[in-house]
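Quick note: the coordinates plus some simple rules give every number you see, no bench work behind them. Here the structure is a predicted model, which is why all the values come from computation and not from measurement. Backbone-built Cβ (ideal geometry, glycine too); neighbour counts: all protein chains shown.
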Amino acid sequence: MQAVIDYISSNLFEGVAIILFGIGFTTLFLHPNLIKKIMGLNIMDSSVYLFLAAKGFVFGRKAPIVTDGVAEMESYINPIPTGLVLTGIVVSVSVTAVMLALTIRLYWRYHTLEMDEIMQIIRKEGK
Amino acid sequence: MDLCTNFPMFSIILCLMCGVVCSVLKKNMARYVTYGLLTVLVVLSAAVLGYTVSIDGSFIYQMGHFGAPFGNELRAGVLEGVFTVFFSVIMYLSVIAGEKHIYEDVEESKINLYYTLICLMMSSLLALTYTNDVFTAYVFVEINTITAAGLVAVMGNGRAYFSSAKYMIMSLLGSGLLLIGITLLYDVTGHLLLSNIKYAVVTSTIKEYAEPFTIIIALITIGLSIKSALFPFHSWLPDAHTASTISSSAILSSLVLKAYIVLLIKIYYRAIGWETVLETGVNDIVFVFGIMAMIFGSVFAIAQKDVKRMTAYSSVAQIGYIFMGIGIGNAAGVVAAVFHIFAHGATKSMIFTSLGGIKEVSRHSTKLDAIKGAGYRNKVASVAFAVGAFSMVGIPFFPGFVSKINFADAAIDAGGPKMIVILVALAVSTVLNCIYFFRALICLYTPVSDPGGRLTEEVDNTKPTAKYIGAMAFFIVANLFLGTFSDMIIKLITRGLSMFS
Amino acid sequence: MSRVRTDYEKTLWRKIVRFVNGEKDLFDEQSGFNVETEELEDRRHRNFFEEAELNKKKVQIAELIEERSEETEQRAVKLYERFYRLFAVITCVAIIAILLVTVANLPDYGDPDNPANNEVSKKYIEDGIKDTGAVNIVAGMILDYRAFDTLGESHVLFIAAVCVMILLKIDPDSEKGKRFISLENDRAYEPKNDPILVWATGILVPIIIVFGIYVILNGHLSPGGGFSGGAIIGAGLILYLNAFGFKKTERFFTQKTFSVVSVSALLFYSISKTYAFFTGANGIHNIISKGTAGDIISAGLILPLNICVGAVVACTMYSFYGMFRKGGL
Amino acid sequence: MINAFTFVLLGFLIICAISTCFCKNFLTSVIIFMSYSIIMSILWMVLESPDLAITEAAVGAGVTSLLFFVTLKKIHSMNDKNNEDNKAPMDEKEKDRSADM
């Protein structure tokens, strides 16, 4: 019991991020529906960003914007994870847009969003 | 500081700029810009290679005004030079050989966008080779993924869309694992530059995080091997390679898959340290999957009726060779794997482009019974296919043979049970390769009667263009070069790998 | 044995379940949306597209699926799929479990002595203003210290826009394109000149766009920057498009605008960064002055780069939406 | 150090993620996904990263969800079930091309 409390108190954000990563990963991998897959992708990506942002956080420090002329490391959090996440968010929105465009195209062609059904139709048409 | 050291940065940014410009040009202009760009890239990469060979060392190029741990960096050594020369040459030849097919397969108003994608793909290949920073690598891995999906989907039919979606999904799973691996790596080392990570690993900083470190290596390895279609994750590869236009197939199989392996080797050597990887035993897992890929890829290939699909499955087997070489765990194994990257890249792109020529004279099909007698209808393409088949099977004087010899050498170096497994797998795989490649070759050169004269008519209509013949000839020369002057290249690879650590 | 409840469908829980599934409104027993008029219009405008042929094709597809399911190999395939699925679920659960255990061994959350809080972040924070001139250290970091990542990232957006164009762009001059446009005429879905929407948009859009511009211009002074500001402007444009339709937006935003703005912004970005990289690597003094920290016009190249990124992001977001809506801008 | 507010937000985050994946109706699940993004941006505020909060609110909750909505409109699943024949006719170009495949 004590171990669980310790775990939660010291790794709350990381643990939640990993659980979200698992949910997103499983959805992207296993859900047959394309729209759900894309949502899983978004959840997976943003969970990694949550993890990264949590790793940059330091207790009692502020956001890295120098407003009062004090530029000491002891008063600001680590800016690197923030920068990386900023890059990552834009990457994931581009990937999402491409995937959604593919989804629309597939729907126009096959009238379904389930990958399994599309595969069956393709196999049948190929014969 | 010499001017040559600026060339890696110039070549990457030139690719990005040309890609952006191509999107607003007319189709022919875009083509000329792309060819010009690729010519310049060959020259620049060759200059970098020559420079690194002449100083016999590597150099670090600092991107911006801030040095080692603070800014981005590029790094170029002999191995990077060889890789970039190889990438640009193969890209050039694939695009030229498939030019006619691009104009036929791609919609009229989107041809310039196809060339845009080619330029941007090239930038990501170069950046993945040169970069010295894991997060930059992640960004360019994503560029590579999106452009590759675009290159597949550009064909514009349902099958292409489906393959593209499948490719994207598998690839994004890989990116997710890679990203979380990079995140954890940053967390335990506090750096993003490869050399600084290695410093942190070697000094005591890492000791208390030994357990997560194994997981990190495993995550990065799984992520990148999903993206380069190692055996259990290969299901997207045959679809994507079959559905796209000829150039895209060639680029996908010979460059895109290889760029991730280059990145993996780079991370192993320059960030984590080869000894650390061996300690954790991740290479043994890679080895097992590599062996499985070698056997199963060939078995699946035998089951195919379509030559293009068969070639795609053969790629699965060849990727297995490369991972097996990495997994052996000695320096000779990695050298053999790197040489096989070149051998397979040169050969597979040639086979795919030659299939484009064969397809034209066989009623637009690459089924085994359709291509019967194509050897007499399109001579250049068939000769190229034969050369490719010889190389993949492992006939002497062709690159595939050299890499097989190297793998066997490395296995004998390693000794123990691994040696026996590798030698048996190599033998079995060679026999299986023989079966399916020679079956295709025999089909190709079986004379057929031509009752309605339809086939002759087709042949008359589709004379191979001068560009196609030139590209195929160059491919054949490149393969023979790789096969006969392999000593020199292996020496370069060994030199480059020793600079890595 | 418990009593069978016949009124199960009426229980609150069931209602909530149906609400979550989107089948029904929570309290309205009748139906959620009133879509009948819309539907009618849809049908009417679809009528002239060979409904017969469409139905034939649909029947064919249904047959294909059915035939497939009757085949004898079906059982083996199903078994294989089930096995594959089980294996995949086990893999996913194993990955989560391993990662959860790994997390416990990582550096602690919020600890100032973590390996990540090393000399790199110290340098970024303490010398950030002197080196880059940006008060917002994150902006200074992504646009100056680690500019190469950001350069790649803005090209990722551009590539995504190119891919979406390849997938969805329709040539309005060709025969097929004309057919397609009339077929997918999505003006039919919109409420036409809805007064509430039009008025609200008229008030909101200027505010949204001004706020976006503020975020971009203050990227080096306050939170935000090119990406967020560009996304805000893009969202504002999309709202405007939704309220007033393509006719009005085409007056100021066409395919040409998109190309000109994004290409020139990206080229400027690449060229200025080439200059910075070249001078940095070769030890040449950078002539661009940093200005006084805290002013709007300061921080050297960061402000123009933020504007470029903002322009690219806004154009890309709007073009995504336009491509999705009608296959063109 | 970690207060009750954070606990509630993280709990919501997990609930939102799970219900996004299991919800049958696409429209509902996109809306839940939107709220997931907004909670995420609040969490980034808690983690002292206002840059991320602004970007996620604009990109994640704003543009991504808009793209999802327009996709749902295009694939006619905004009001599914009751209009089976509301699907778009097969793309003509596709038909031509798939014929010779």
> Taking the Cα centre of each part, how many Å lie between the stretch B:132-190 and the stretch C:123-177?
Replying inline: 17
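With both bridge residues required to lie in the protein assembly as shown, what share of the DSSP beta bridges run antiparallel, to the nearest 5%?
Working: 10 of 12 bridges.
In the protein assembly as shown, DSSP labels about 85 percent of beta bridges as antiparallel.
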> Can you give the mean number of other chain Cβ atoms that lie within 10 Å of the Cβ atoms in peptide D:35-46?
Replying inline: 3
> What is the Rg over Rh value, at two decimals, for the stretch D:25-78, using alpha-carbon atoms and the Kirkwood definition of Rh?
Replying inline: 1.09
>> Using the crude model of +1 on Lys and Arg Cβ and -1 on Asp and Glu Cβ, and no other charge, please compute the dipole size for the stretch C:134-326 relative to its Cα centre, in debye to 20.
In response: 400
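Quick check for me: using +1 on Lys/Arg Cβ and -1 on Asp/Glu Cβ, what's the dipole size of chain B about its Cα centre, in debye to the nearest 20? The partial results should precede the final answer.
On the way: 32 positive and 28 negative charges, 221 e Å.
The dipole of chain B has a size of about 1060 debye.
As a test of the formula, what do you get for the protein assembly as shown when each DSSP H run with n ≥ 4 contributes -39,500 (n - 2.57) and the sum is divided by the residue count, at 222 nm and rounded to the nearest 500 deg cm²/dmol?
Details: 45 runs with 759 residues, N = 1058.
That calculation yields -24000 deg cm²/dmol at 222 nm.
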> Which FRET efficiency value, to the nearest 0.05, do you get for B:I395 and B:V299 by plugging their Cβ-Cβ distance into 1/(1 + (r/R0)^6) with R0 = 25 Å?
Replying inline: 0.70
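Which order do the peptides B:231-239, B:173-181 come out in when sorted by mean C-beta neighbours inside 10 angstrom, highest first? If you can, show how the numbers build up before the last one.
Values: B:231-239: 20.4, B:173-181: 25.1.
In decreasing order of mean packing, B:231-239, B:173-181 become B:173-181, B:231-239.
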>> Give me the count of lysine pairs in the stretch B:349-447 whose alpha carbons sit under 17 angstrom apart, restricted to pairs 8 or more positions apart or on different chains.
In response: 4
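For peptide B:105-111, compute the average count of partner chain beta-carbon atoms within 10 Å of each residue's beta-carbon.
Details: counts 1, 1, 8, 2, 8, 6, 0.
The shielding value for this peptide is 4.
Using the Cβ atoms and a cut-off under 15 Å, what net charge is assigned to the surroundings of C:L266, where Lys and Arg are +1 and Asp and Glu are -1? List each step's numbers first, then the result.
On the way: positive: C:K273; negative: C:E153.
Spelling it out: positives minus negatives among the neighbours equals 0.
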> What list do you get for B:Y209, B:Y436 if you sort them by fewest beta carbons within 10 Å?
Replying inline: B:Y209, B:Y436
> What shape does the stretch B:349-501 take by its C-alpha gyration tensor, where a ≥ b ≥ c are the square roots of the eigenvalues and a/c under 1.5 counts as rounded, a/b above b/c as prolate, and the rest as oblate?
Replying inline: oblate
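Can you tell me which of B:162-170, C:279-287, B:439-447 comes out highest on packing, and rank the rest after it, using the mean Cβ neighbours within 10 Å?
Numbers: B:162-170: 25.1, C:279-287: 13.2, B:439-447: 16.4.
By packing density, highest mean first, the sequence is B:162-170, B:439-447, C:279-287.
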> Is the shape of the stretch C:134-326 rounded, prolate or oblate, going by the alpha carbon gyration tensor and its root eigenvalues a ≥ b ≥ c, with a/c under 1.5 for rounded and a/b larger than b/c for prolate?
Replying inline: oblate
> In the structure displayed, which of A:K62/C:K122; C:K123/C:K290; B:K26/C:K326 lie more than 20 Å apart, Cα to Cα?
Replying inline: B:K26/C:K326
> Sorted by average packing, counted as other Cβ atoms within 10 angstrom per residue and highest first, what order do B:25-36, B:308-319 take?
Replying inline: B:308-319, B:25-36
> Cβ under 11 Å from C:N286's Cβ, C:N286 left aside: what net charge do those residues give with Lys, Arg +1 and Asp, Glu -1?
Replying inline: -1
> For A:T67 and C:V101, FRET efficiency with R0 = 41 Å and r from the beta-carbon atoms, rounded to 0.05?
Replying inline: 0.50
>> Please give me the summed charge of the neighbours of A:G22: other residues whose Cβ is under 14 Å from its Cβ, Lys and Arg +1, Asp and Glu -1.
In response: -2
> Relative to the longest principal axis of chain B, what angle (0 to 90°, nearest 10) does the C-alpha long axis of helix B:486-500 take?
Replying inline: 30
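For a Förster distance of 35 Å, can you work out the FRET efficiency between the beta-carbons of C:K130 and B:E208, rounded to the nearest 0.05?
Taking R0 as 35 Å, the efficiency between C:K130 and B:E208 is 0.50.
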>> Give me log10 I(q)/I(0) at q = 0.04 Å⁻¹ for the protein assembly as shown, Debye formula, one equal scatterer per alpha-carbon, no solvent.
In response: -0.19
>> In Å and on Cα atoms, what radius of gyration and Dmax does the stretch A:2-126 show?
In response: 20.5, 69
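Which value results when the Cα radius of gyration for the stretch B:1-141 is divided by 2.2 N^0.38 Å? Don't jump to the answer; show the numbers that get you there.
On the way: Rg = 15.9 Å, N = 141, 2.2 N^0.38 = 14.4 Å.
Computed over Cα atoms of the stretch B:1-141, the ratio equals 1.10.
Partner chain Cβ atoms within 10 Å, averaged over the residues of B:124-136 - can you pull that number for me? Working shown, then result.
Values: counts 4, 0, 0, 3, 0, 0, 0, 3, 0, 3, 0, 9, 7.
Mean shielding count: 2.
For the protein assembly as shown, give the magnitude of the charge dipole about the Cα centre (Cβ charges: +1 Lys/Arg, -1 Asp/Glu; no others), in debye to the nearest 20. Please list the in-between numbers first.
On the way: 86 positive and 89 negative charges, 452 e Å.
Around 2180 debye, computed over the protein assembly as shown.
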